[in-house]
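Below: one structure, written as structure tokens.
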Amino acid sequence: MRTFGHSFAAAIALAMAPSAAVAQMPAKIDPVRVETAAGVLEGSREDGVLVFRGVPYAAPPIGENRWRAPQPVAPWKGVRSATAHETACTQPVDLDTTVANFGGVNGAQSEDCLYLSITAPEGVQDAPVLVWFHGGAFFLGSGSLGSYDGTANARQGVITVGVNYRLGALANFVHPALAAEDPQAPQGNYALQDSVAVLEWVRDNIARFGGDPERVTIAGQSAGGGIVTNLLSLPAAKGLFDKAIVQSGSLLLPDRSQADAQAKAGEALATIGIGEDATAADLRAISAQTFAASEALRAGFFFNEDPRYKPTSTIAALRAGNEFDVPLLVGSNMGEGGFAGARTFARLAGDDGAPAFLYRFDHTPAFRAKEWADGPIHSAELMFAFDSIDQSSWGGDKVDATDRKLAKTMNGCWVAFVKMPADARRFECAGGFTWQPYEEGGNAVLIEAGGMRSSAADGLPDGPKKKD
């Protein structure tokens, strides 16, 4: 007769103890169902709003789908649970699963990651929609982090869609062997292709959640801001959004040539023993974790030129006046570089037609005063823009009443912009503050402990003063 060890016996004892078992069980789900184009989803009612997690917007980009355009979701039968997040996209993580990487991710990640989450008010129709692209230097991060919680938005009538998109070399990679498979197909820029697939999913499905597909604001921070920046000139994205927000992500850079991107990829592949004769099958046989572990490969090779899919960079489109003419909210934080780029972005985007609104986030929480001596650092504004202090790992019980009040104020202004008619020239928020568009030589809005105020933008430095 087999004898079981102590750990198994302990597990049985736990199962036999109702009070202990119940204490470790998750809260009971209050289910809600929505029928999408691919099938029925079951999400949950939480804190007065509807939440759907782990919603597929494209087929898994694995196997033959690696380095290919996003493929349609296979329809499913029955009810698909949407109450838990799927794993983040493949990226380097700490071996200690309790320690997050610089993109805020810890634990499991997977190449099968093209999922989104939805936080929505219940019982609404034609609600405005915010589609959020996370930051993380294009090779880190996830759309499901606590800082991006959409509950506060939903309570004010805005639906939030948080997005995962392919990362690193699985997102930004070109190679002659891949190009030879189908010379007519888009080459590289897979994160951007994923982003368009998300917007197409929103166009086709968001009305089922109470949203208006004609009132979609695209928004992102850092790398996510770079995604938004590039969508402003990408032909495939035309007509899929009516406003844009770029937080600390004014990446007004030319695209990398395909020849240079291929050369960089070849050099990086050589570091893991992959030669110039590699076939497409050879490349797809490389494990996703190998890409994440390779310092030469993990970050990918930025957005690349593609005459058919990406014929121009956004900086070239802005200079030519050919970008998509939608209202833009753009800015950066006092304790980081990038304000000069945001100001340039606002000047070029707002020079004619739709307005651009410029900001700088200046508030340093009291508990960060010593650590952020030069002002709020990169990403510091996120828990204020979403009013997600209690969900963010940067907030919680460390904040004070001033922080909480400003979070409600700033989030209210972001919501006001999302709700603003696309043909408006200004919007009101923060208890009567009128946010005017930026004009060359004009004002930026400073977001401070006391709220919002206007200040001459040309007098503001690019970032912290350099120390001698």
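The values are calculated or read from the model by the stated rules, or taken from the named source; none is laboratory data. These numbers were taken from a predicted model, which means no experiment stands behind them. We place every Cβ from the backbone using ideal geometry, glycine too, and count neighbours over all the protein chains shown. The protein model used for the area step is the full one, side chains on, heavy atoms only, and it has no ligands, DNA or RNA in it. Shrake-Rupley method; radii C 1.70, N 1.55, O 1.52, S 1.80 Å.
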Principal axes first, then extents: for the Cα atoms of segment 395-468, list largest minus smallest coordinate on each axis, whole Å, largest first. 43, 36, 17
quick note, the chain, DSSP beta bridge pairs, % antiparallel (nearest 5) is 45
Would you mind getting me the FRET efficiency between LYS77 and SER287? Use the beta-carbon distance for r and R0 = 22 Å, nearest 0.05. 0.10
Please sort 237-243, 299-305 by packing, taking for each peptide the average over its residues of neighbouring beta carbons within 10 angstrom, highest first. 299-305, 237-243
Tell me, what ³J(HN,Hα) does each residue in segment 89-103 have, in order and in whole Hz, if you take phi through Karplus 6.51 cos²θ - 1.76 cosθ + 1.60 with θ = phi - 60° and put x for Gly and Pro? 5, 3, 6, x, 10, 6, 5, 7, 5, 8, 9, 7, 7, 5, x
Return a whole-number percent for the relative contact order of segment 262-326, with Cα pairs under 8 Å and 6 or more residues apart as the contact set. 26
Using Cα-Cα distances under 8 Å and only pairs 6 or more residues apart, what relative contact order does the chain have, in percent? 13
In terms of the alpha carbon gyration tensor, root eigenvalues a ≥ b ≥ c, rounded if a/c is under 1.5 and otherwise prolate when a/b exceeds b/c or oblate, segment 18-91 is prolate
How large is the accessible surface per residue of the chain, computed with a 1.4 Å probe and reported in Å² as a whole number? 44
For segment 289-443: lysine pairs under 22 Å (alpha-carbon distance), excluding those fewer than 8 apart on one chain: 5
What percentage of the solvent-accessible surface of the chain, computed with a 1.4 Å probe over protein heavy atoms, is contributed by carbon and sulfur atoms? 52
Taking alpha-carbon centroids only, segment 276-308 lies from segment 338-372 a number of Å equal to 34
Cα-based shape type of segment 93-187, given that a ≥ b ≥ c are square roots of the gyration tensor eigenvalues and the cut on a/c is 1.5: oblate
Please work out the FRET efficiency for the pair ARG425 and ASP277, using the Cβ-Cβ distance as r and a Förster radius of 45 Å; give the result to the nearest 0.05. 0.15
